[in-house]
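A short worksheet on the structure shown next.
The values are calculated or read from the model by the stated rules, or taken from the named source; none is laboratory data. Keep in mind it's a predicted model, so treat the numbers as computed, not measured. Backbone-built Cβ (ideal geometry, glycine too); neighbour counts: all protein chains shown.
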Amino acid sequence: MKREQFKELKNFTYFSDFQHTRGNLRKMKFEVFQRLQALRDLLPKGNFLKVLSTNAGSHVDNSEHYKGKAIDVFCPMKDLTINTFVEFALGVGFRGVGVYINASGVPSFHLDIREDFQLWFGSKEGEEKSWTYSELIEFESE
């Protein structure tokens, strides 16, 4: 992806949405940001997506992040359930969706464009604890 391609995205800029991730823009797939744009367009008013991580150096070589196919985001979840957010993400073409709930109960999301479909849930009981993973089926009652 090239820096100039951010001009094609109405709600993203290089400086506010990518630079702080310390990722390698040339390795990122433009399709990830196109789908993220479509997801932003679906969110109810008062919600936004903050890009937390792209393909910065801490990811292993075979991860979707390293391949430039993944992004981690935060959404404030105003008038929005986690299940609905996941449905929106799948609806715009993300194939891998991870829901992470930190020790404070705040959700963030991993979104990627992998070939095989995969959903998962990660939770943390305390800041010093490691993440516990499970398959994502239905974990939130509506």
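Here is a check on your reading of the model: is T84 of a type in the set (V, I, T) and closer than 15 Å to M1 by Cα?
no
What are the pairs with Cβ atoms under 8 angstrom where one residue, in the stretch 118-142, is within 19 Å of V106 (Cβ to Cβ) and in a strand (DSSP E or B) and the other, located anywhere, is modelled with pLDDT under 80 and aromatic (F, W, Y)? Sequence gap at least six, or different chains.
Close Cβ pairs (under 8 Å, with a partner that is modelled with pLDDT under 80 and aromatic (F, W, Y)) amount to W120/Y133; F121/Y133; F121/F139; G122/W131; G122/Y133; S123/W131.
Somewhere in the stretch 50-59, is a residue out of contact with any Leu (no Cβ under 8 Å at 6 or more places or on another chain) and without any contact (Cβ under 8 Å) to a residue 24 or more places away in the chain?
Looking for residues that are out of contact with any Leu (no Cβ under 8 Å at 6 or more places or on another chain) and without any contact (Cβ under 8 Å) to a residue 24 or more places away in the chain, one finds at least one in the stretch 50-59, hence yes.
Taking the condition closer than 30 Å to E125 by Cβ, out of contact with any Cys (no Cβ under 6 Å at 6 or more places or on another chain), modelled with pLDDT under 90 and loosely packed, with under 14 Cβ neighbours inside 10 Å, does G23 pass?
no
Which one is surrounded by the most Cβ atoms within 10 Å (Cβ to Cβ), of the residues in the stretch 35-89 that are of a type in the set (G, A, S) and in a loop (DSSP other than H, G, I, E, B)?
Per the stated criteria, the residue is G68.
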